[in-house]
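The structure appears right after this line, and notes come after that.
The values are calculated or read from the model by the stated rules, or taken from the named source; none is laboratory data. Note that the structure is a prediction, hence the values are computed from the model and not measured. Cβ placement follows ideal geometry from the backbone for every residue including glycine, while neighbour counts extend to all protein chains displayed. Remember, those area values only see protein heavy atoms, side chains included, never the ligands or the DNA or RNA. Shrake-Rupley method; radii C 1.70, N 1.55, O 1.52, S 1.80 Å.
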Amino acid sequence: MDTVIKQIVIVGGGTAGWLTAAILAADHNADQGRLLTPATLQITLIESPDIASIGVGEGTWPSMRNTLQRIGISETDFLNSCDASFKQGSQFINWCTNTTDSYFHPFSLPIGTAEMAICPYWLPFRQQVAFADAVSPQPRLCAAGLAPKQISTAEYSFINNYGYHLDAGKFSNLLQQHATEKLGVHHVKAHIAQITNNANGDIATLVTADGTVISANLFIDCSGTASLLLGKHYAVPFVPQQHRLFNDSALALQVPYDQPDAAIASCTVSTAQPSGWVWDIGLQSRRGVGHVYSSAHCSDEQAEQQLQRYLHQSGVTDTAQLNWRKLSFKPGHYNKCWHHNCVAIGMAAGFIEPLEASALALVEWSANYLSAQLPLPVSLLTLAAERMNQAFTRHWQQIIEFLKLHYVLSKRSDHAYWHDHRESSSIPEPLQQLVQLWQHKVPSAQDITHSDVLFPAASYQYIVYGMHMNTQPYSHLKPSLVQQADQLFAENAKRRAHQAAALPDNRQLLNKIRQYGLPPI
Amino acid sequence: MSKHVLLNSVEHLDLKIITSRGAEFGDNVWFTPTFPQEFRSVQAHYPIFFHKDAATGQFFSVAVFGFTHQENLFLQDNNWQGYYLPLTVRRHPFLIGKQAVVEDGVEHIQHMIHLDLDSPRVNKEQGEALFLPLGGSSPYLDDVSAMLQTIHQGLQDNTAFIDLLLQHKLLESFTLDIQLDDGSKHQMMGFYTINEDSLAALPAEVLAQLHNQGYLEAIYMAIASQSNIRSLLRLKNQLNASTVA
């Protein structure tokens, strides 16, 4: 008889591990917040007691709202316990030139997306209004420090689309508590000493340092950059991407607010530097700031000086008191995420600079994909693995091309870093083709060749026109659609004015949520 | 505007309160907060719905008097006769204010009667006197004091009631589509009501819990009160007809 995958062991207790555990358990072992008996899956998470998780401030995509709701965590609890705040998109400063240019990549889709593709109709107005401002109320509302919703807006509902900024360590703790207390995930704190295989090459057991043998049908590797199962045990080849995206180092620190009521930015601010960029993420109690850079182009000392300068310009005077942390990483990913009966999720499968906060989004995608394959007969493991690996590879290609796009369109010439980024040998061939095409047409859904994409055409439009790409205006716009687009531009301006009056200050709303909570409906 | 002050028999000895009803006194309200202990009286005349306070996002139980802002269909010819007056309407111009009092070195929060001096009900000529000539409180003021106490406890109890409704997913939003005699169609949004499917599916132990706290009765009162939408429609049609005529 064909065995169906029932026992699942997750290795690693960071955000990736607990998020995966919670998603699988919520999808298969719970209904409306109640545990099903007997459970469909037996889920065990093994966490080494001596490994600290990375835990820098992180950004999520709007998909995290749906994920949290699905696993049954109240948004109020999440915001309050993870020092979390609302993220409405990213602001890119000095990416095009190094003289105070700025553009916005909002989380909301262009107005009227369901009715028409509005982008070509904006081209004639490019001198008057930025693309993102023409099609979304979000950039200006964000600049005005306003939240994406009101205190009376139900949990996980929005007025303007949003994800989160969060403290990854606290987030991981909340997920752990929820997964173990509410979702029946079994938690083992042990160091893995040995991994044994079956005759067919599948992993049979994990043996812990104290000799306990743990067996399962499916092993999920969430061990972070150590990649214990996929990388170390199976030696699946790693595909380095440093020749495309050079950044391999980061200096990170936590910056307290100078006043308890200081404004909390509701977008990630990403400021380009001579050989990298600085992230600035506003949590409730502090900012998370870091400089991610290319060690081939910049020494740690130079990176620190540039970060110091950034901090001074943003009003931080005493930087000596702050706790600096240096991180190094190998940009790239394994050539597959699923090998035999082992699936790697999170940094165990790959990592790249956090320019568009794709890390947690990819964890969500992987866990969702895997969850949708279950229950899976063991005989179909290879087939399911092959399909997930294809999608995994496609996603990594898209992430790399999309991140690279941010650099390729830059006109900065203050450092070899930016020249090297525009060197055609460093640009994936498909991206070179797209950039050529986009001189004549706007980025559209057809340019992104598969469904189930991480970045929709709108994201390319926001970046490409934020970076002032000069697409030729169309000579053949239909008058009726020109009129429809004009109405949508006017509607966007109206919506923005209305929302500017109705939306609360971002920090005020977060404070109010601490006091009253968000209504569940 | 309003100017809230702590009531006292020295400064406010001569004040009187107009207790008649009228738009000029601010009675032209669309709805007012209510609470389970009052549901029995309220449901005899008005629909009871649930509404989120815009400032806190918290749910209130409300008695509804009209279909739109500043519309109180029960207030006719500046009269609001023959109907039960919800306490949160009757309380004006008084409110409860919290005050920290130190007693034997320990701080207590006391609830004291406050008065809105800017209310058009407050004057020195007509209405109910607040104090007896020598400074003792009038029977009217004693009534007010008891009423404020009831409201205070009622709203606290309402919070517990709402928490249980939310916990058991017993609230749902609804949109009221109405058509008036003149053929015009209107929509009323932003209110919530009891989700009767969730109610019907409640396990026995939850029903027992709701019953023991007196909330099961309140839930059915709220459901029954929905038939009062017909009274609102009738009043609205009458009002329209009289304006046309």
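Listed conditions (1) exposed (fewer than 13 other Cβ atoms within 10 Å of the Cβ); (2) part of a loop (DSSP other than H, G, I, E, B); (3) not aliphatic (A, V, I, L, M) are all met by A:Lys494, apart from (2). Against the criterion of being surrounded by 22 or more Cβ atoms within 10 Å (Cβ to Cβ) and either within 29 Å of A:Leu109 (Cβ to Cβ) or at pLDDT below 95 (or both), A:Leu218 does not qualify. Of the set (1) out of contact with any Cys (no Cβ under 9 Å at 6 or more places or on another chain); (2) aliphatic (A, V, I, L, M); (3) more than 14 Å from every other protein chain (Cβ to nearest Cβ), all apply to A:Ala458 but (1).
Every listed requirement among (1) touching a helix residue (DSSP H, G or I) at 6+ places or on another chain (Cβ under 6 Å); (2) closer than 13 Å to A:Trp122 by Cα is met by A:Ser444 save one, (2).
In the range A:224-235, the count of residues that are open to solvent by 20 Å² or more (accessible area, probe 1.4 Å) and part of a strand (DSSP E or B) is zero. One residue stands out among those in the range B:213-225 that are among the hydroxyl-bearing types (Ser, Thr, Tyr) and surrounded by 15 or more Cβ atoms within 10 Å (Cβ to Cβ): the one that is farthest from the other protein chains (Cβ to nearest Cβ), which is B:Ser225. If you check A:Phe78, A:Phe86 for being in a strand (DSSP E or B), at pLDDT 90 or above and either in contact with a Pro (Cβ under 7 Å, 6 or more places away or on another chain) or under 25 Å from B:Gln167 (Cα atoms) (or both), only one passes: A:Phe86. Of all residues in the range A:445-468, those that are in contact (Cβ under 8 Å) with a residue 12 or more places away in the chain have Cβ atoms under 6 Å from Cβ atoms of residues that are aliphatic (A, V, I, L, M) and open to solvent by less than 30 Å² (accessible area, probe 1.4 Å), 6 or more apart or on another chain, in A:Ala445/A:Ala457; A:Asp447/A:Leu434; A:Tyr462/A:Ala132; A:Ile463/A:Leu405; A:Met467/A:Leu409. Among the residues in the range A:381-388, are any open to solvent by less than 10 Å² (accessible area, probe 1.4 Å) and within 19 Å of the chain's Cα centre (by Cα)? No, the range A:381-388 contains no residue that is open to solvent by less than 10 Å² (accessible area, probe 1.4 Å) and within 19 Å of the chain's Cα centre (by Cα). Residues of the range B:183-212 that are touching a residue at least 60 places away in the same chain (Cβ under 8 Å) and more than 14 Å from every other protein chain (Cβ to nearest Cβ): B:His186, B:Met188. Among the residues making up the range A:198-211, those that are touching a residue at least 24 places away in the same chain (Cβ under 8 Å) and over 17 Å from A:Thr3 (Cβ atoms) are A:Leu206, A:Thr208. Remark: pairs (first residue in the range B:36-47, open to solvent by less than 50 Å² (accessible area, probe 1.4 Å); second residue among the charged types (D, E, K, R) and at pLDDT 95 or above; Cβ separation under 7 Å; 6+ apart in sequence or on different chains) = B:Pro36/B:Asp157. Once the range B:48-57 is narrowed to residues that are open to solvent by 10 Å² or more (accessible area, probe 1.4 Å) and touching a residue at least 24 places away in the same chain (Cβ under 8 Å), the residue that is nearest to the other protein chains (Cβ to nearest Cβ) is B:Lys52. Being surrounded by fewer than 18 Cβ atoms within 10 Å (Cβ to Cβ) and within 21 Å of the chain's Cα centre (by Cα) is the requirement here; does A:Gln242 meet it? So A:Gln242 passes the test. For the range A:434-455, how many residues are assigned to a loop (DSSP other than H, G, I, E, B) and surrounded by 10 or more Cβ atoms within 10 Å (Cβ to Cβ)? So the answer is 12. For the list (1) open to solvent by less than 90 Å² (accessible area, probe 1.4 Å); (2) of a type outside the set (A, V, I, L, M); (3) outside any helix (DSSP H, G or I), I need the number of the one condition that A:Lys330 fails. A:Lys330 satisfies all of (1) open to solvent by less than 90 Å² (accessible area, probe 1.4 Å); (2) of a type outside the set (A, V, I, L, M); (3) outside any helix (DSSP H, G or I) except (1).
When you scan the range B:173-185, do you find a residue that is touching a helix residue (DSSP H, G or I) at 6+ places or on another chain (Cβ under 9 Å) and modelled with pLDDT of 95 or more, even just one? Looking for residues that are touching a helix residue (DSSP H, G or I) at 6+ places or on another chain (Cβ under 9 Å) and modelled with pLDDT of 95 or more, one finds none in the range B:173-185, hence no.
Assess whether A:Ala501 counts as being within 14 Å of another protein chain (Cβ to nearest Cβ), without any contact (Cβ under 8 Å) to a residue 40 or more places away in the chain and either surrounded by 19 or more Cβ atoms within 10 Å (Cβ to Cβ) or among the hydrophobic types (A, V, I, L, M, F, W, C) (or both). Spelling it out, A:Ala501 is indeed within 14 Å of another protein chain (Cβ to nearest Cβ), without any contact (Cβ under 8 Å) to a residue 40 or more places away in the chain and either surrounded by 19 or more Cβ atoms within 10 Å (Cβ to Cβ) or among the hydrophobic types (A, V, I, L, M, F, W, C) (or both). Of the set (1) touching a helix residue (DSSP H, G or I) at 6+ places or on another chain (Cβ under 9 Å); (2) more than 14 Å from chain A (Cβ to nearest Cβ); (3) surrounded by 11 or more Cβ atoms within 10 Å (Cβ to Cβ), all apply to B:Phe60 but (2). Cβ-Cβ distances below 6 Å connect the following pairs, each with a first residue in the range B:153-182 that is within 11 Å of chain A (Cβ to nearest Cβ) and under 15 Å from B:Leu216 (Cβ atoms), a second residue that is surrounded by 14 or more Cβ atoms within 10 Å (Cβ to Cβ) and among the small types (Gly, Ala, Ser), and a separation of six or more residues or different chains: B:Leu170/B:Ser198. Under the condition of being over 20 Å from the mean Cα position of the chain (by Cα), surrounded by 11 or more Cβ atoms within 10 Å (Cβ to Cβ) and assigned to a helix (DSSP H, G or I), the residues counted in the range B:150-192 number 2.
The single condition among (1) more than 23 Å from B:Gln153 (Cα to Cα); (2) free of Cβ contacts under 8 Å to residues at least 24 places away in the same chain; (3) touching an Asp or Glu at 6+ places or on another chain (Cβ under 8 Å) that B:Ala100 does not satisfy is (1).
Of the residues that make up the range A:393-407, is at least one open to solvent by 20 Å² or more (accessible area, probe 1.4 Å) and farther than 22 Å from A:Ser358 by Cα? Show your work before the answer.
Of all residues in the range A:393-407, those open to solvent by 20 Å² or more (accessible area, probe 1.4 Å) come to A:393-394, A:397, A:401.
Those still in the list that are farther than 22 Å from A:Ser358 by Cα too: none.
There is no residue in the range A:393-407 that is open to solvent by 20 Å² or more (accessible area, probe 1.4 Å) and farther than 22 Å from A:Ser358 by Cα.
For (1) within 16 Å of A:Arg507 (Cβ to Cβ); (2) aromatic (Phe, Trp, Tyr); (3) assigned to a helix (DSSP H, G or I), each residue gets a yes or a no:
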residue: A:Leu251; (1), (2), (3): no, no, no
residue: A:Asp258; (1), (2), (3): yes, no, no
residue: A:Ala262; (1), (2), (3): yes, no, no
residue: A:Trp277; (1), (2), (3): no, yes, no
residue: A:Gln284; (1), (2), (3): yes, no, no
residue: A:Gly290; (1), (2), (3): no, no, no
residue: A:Ala296; (1), (2), (3): no, no, no
residue: A:Glu304; (1), (2), (3): no, no, yes
